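The values are calculated or read from the model by the stated rules, or taken from the named source; none is laboratory data. Here the structure is a predicted model, which means the values were calculated and not measured. Virtual Cβ from ideal backbone geometry, glycine too; neighbours counted across all protein chains shown. Areas reflect the complete protein model, heavy atoms only, side chains present, ligands, DNA and RNA absent. Shrake-Rupley method; radii C 1.70, N 1.55, O 1.52, S 1.80 Å.
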Amino acid sequence: MFGLVDCNNFYASCERVFNPNLRDKPVVILSNNDGCVIARSNEAKALGIPMGAPTYKFEKIFKQHNIQVFSSNYALYGDMSSRVMNILSNFTPDVEIYSIDESFLEFSGFGNYNMQAYCEKIKYVVEKGTGIPISIGLAPTKALSKVANRIAKKFPEQTKGVFIMKDDAARIKALKWLKIEDVWGIGRQHALRLKKHNIHTAYAFSELPDEWVRKQMSVVGLRLKNELQGRRTLELETPAHKKAIATTRSFDKQYKEFDYIQERVSSFAIKSAEKLRRQGSCCQMIYVFLKTNKFRQDLPQYQNSIVVQTGYPTNSSIDLIKFAVEGLKKIYHPDYYYKKAGVIVMGLVPEDQRQLAFFTAENPKHKQLMQKIDRLNGAYGTGAVRFGSQDLGKVWKMRREHLSQAYTTNLGSIIEVNVGDENKS
């Protein structure tokens, strides 16, 4: 059996853990630069706040309904996600972290277990240990476990947050209930095409001929159909090394000065180098891009990019800063106001299998230096050791006017508890 554990309204739930006054109140979380709504509590959904709602258009509605607004706090969300996933790994060794708020669990050898009671225990322990509410769906395949989880979340009073698809009758009933556009793996275009063929439910899709599905949706669609019929075709996926690593950001406002943009691009190169070292890889190319604000049609538009060959596999922050700035100088034009830039490192190879080059400017001392810097930043917090090309003040230069505290990752932001007058206690 596969289980899908999904954290309910995850971002909003993280905010509520450390601010109980938010319970039962509408909460929305904004994207980078506070641009639009990317997460909502059930109360905000009930008020009709759509996903992707532009902040500037909905500010009056937020105030009118006393909706609590927060900037994305990824330091907090990432740490809370890690805590949830660690607890889940205590209940089965086979866990696939699917996203920041979802995990697939495989229960092999649990034939003698009362899975209803076991899943209720998982739910209790996670919620007790983290304060994050979760829903659990159990089924014979991964695709069906997504369906089961949707039922658990949609009908909390009947399921208590746990739904097990025990037999074929339950499978058919669930698939007849589920709309085709809500099936995991059915994108918008496939949903539109299927509806044109009068396929409106997951059950109708699961009953299509194999040949038709393969022709219209390739072998990927056929695997999904088999999964919905209860035939296991998808397994848990093990973490794979990324083939490219991107660090891109929109700026808090438009900038024209080269020095500012150089500082941002250098910081992106450093962040990419840190990610490379964490997964034990080196890159052989670095892609640098620069863009103006496409929504400001009253201003001249410009975008450009360049790929710089490093000449040797490297994950040194010093090297990547040098190559990134070298690329930036070739694409920067002083006549434009820029809104976004980014760095993508490519041509990744394992660090222990990289081809050494005899005639290169690679500095062998960088490896030990990077190890020391990573160790210090790990012990004293990100940014404890910075490079000269970085701003020593702000780390995130984005608009985050509604940011909550990093309660679990920064001692300076640790939650304060009012215990009252000690003379009365």
One residue from 183, 213 being within 13 Å of residue 146 (Cα to Cα) and either touching a residue at least 60 places away in the same chain (Cβ under 8 Å) or out of contact with any strand residue (DSSP E or B) (no Cβ under 8 Å at 6 or more places or on another chain) (or both): 183
Open to solvent by 100 Å² or more (accessible area, probe 1.4 Å) and among the hydroxyl-bearing types (Ser, Thr, Tyr): which single residue out of 302, 332, 380 fits that description? 380
Please go through the range 235-289 and give me each residue that is more than 22 Å from the chain's Cα centre (by Cα) and either part of a loop (DSSP other than H, G, I, E, B) or not assigned by the TED database to the domain that holds residue 350 (or both), ordered by number. 256, 257
Which of the residues belonging to the range 335-350 are closer than 21 Å to residue 266 by Cβ and either among the charged types (D, E, K, R) or open to solvent by less than 70 Å² (accessible area, probe 1.4 Å) (or both)? 336, 338, 339, 340, 341, 342, 343, 344, 345, 346, 347, 348
Report the residue count in the range 142-170 for those that are of a type in the set (Lys, Arg) and open to solvent by less than 20 Å² (accessible area, probe 1.4 Å). 1
Which of the residues that make up the range 125-141 are closer than 30 Å to residue 408 by Cα and open to solvent by 10 Å² or more (accessible area, probe 1.4 Å)? 125, 127, 128, 129, 130, 131, 133
Restrict the check to the range 211-218 and report whether at least one residue is of a type in the set (D, E, K, R) and assigned by the TED database to the domain that holds residue 335. no
What helices (runs of 4 or more DSSP H) lie completely within the range 8-124 and have 2 or more residues being more than 23 Å from residue 156 (Cα to Cα) and open to solvent by 30 Å² or more (accessible area, probe 1.4 Å)? 55-64, 74-88
The residue that is most open to solvent (accessible area, probe 1.4 Å), considering only those in the range 201-220 that are acidic (Asp, Glu) and part of a helix (DSSP H, G or I), is 211
Here are some residues: 231, 223. Which one is under 30 Å from residue 94 (Cβ atoms), touching a residue at least 24 places away in the same chain (Cβ under 8 Å) and open to solvent by 80 Å² or more (accessible area, probe 1.4 Å)? 231
Inside the range 179-200, the number of residues satisfying the requirement of being touching a helix residue (DSSP H, G or I) at 6+ places or on another chain (Cβ under 8 Å), open to solvent by 30 Å² or more (accessible area, probe 1.4 Å) and assigned to a loop (DSSP other than H, G, I, E, B) is 4
From the residues in the range 351-377 that are surrounded by 11 or more Cβ atoms within 10 Å (Cβ to Cβ) and among the aliphatic types (A, V, I, L, M), which one is farthest from residue 279 (Cα to Cα)? 357
Can you pull out every residue in the range 1-36 that is among the polar types (S, T, N, Q) and under 17 Å from the mean Cα position of the chain (by Cα)? 8, 9, 13, 31, 32, 33
Selection from the range 150-169 of residues of a type in the set (Gly, Ala, Ser) and either part of a loop (DSSP other than H, G, I, E, B) or touching a strand residue (DSSP E or B) at 6+ places or on another chain (Cβ under 8 Å) (or both) yields 152, 161
Against the definition (within 16 Å of residue 267 (Cβ to Cβ) and at pLDDT 80 or above), how does residue 325 come out, yes or no? yes
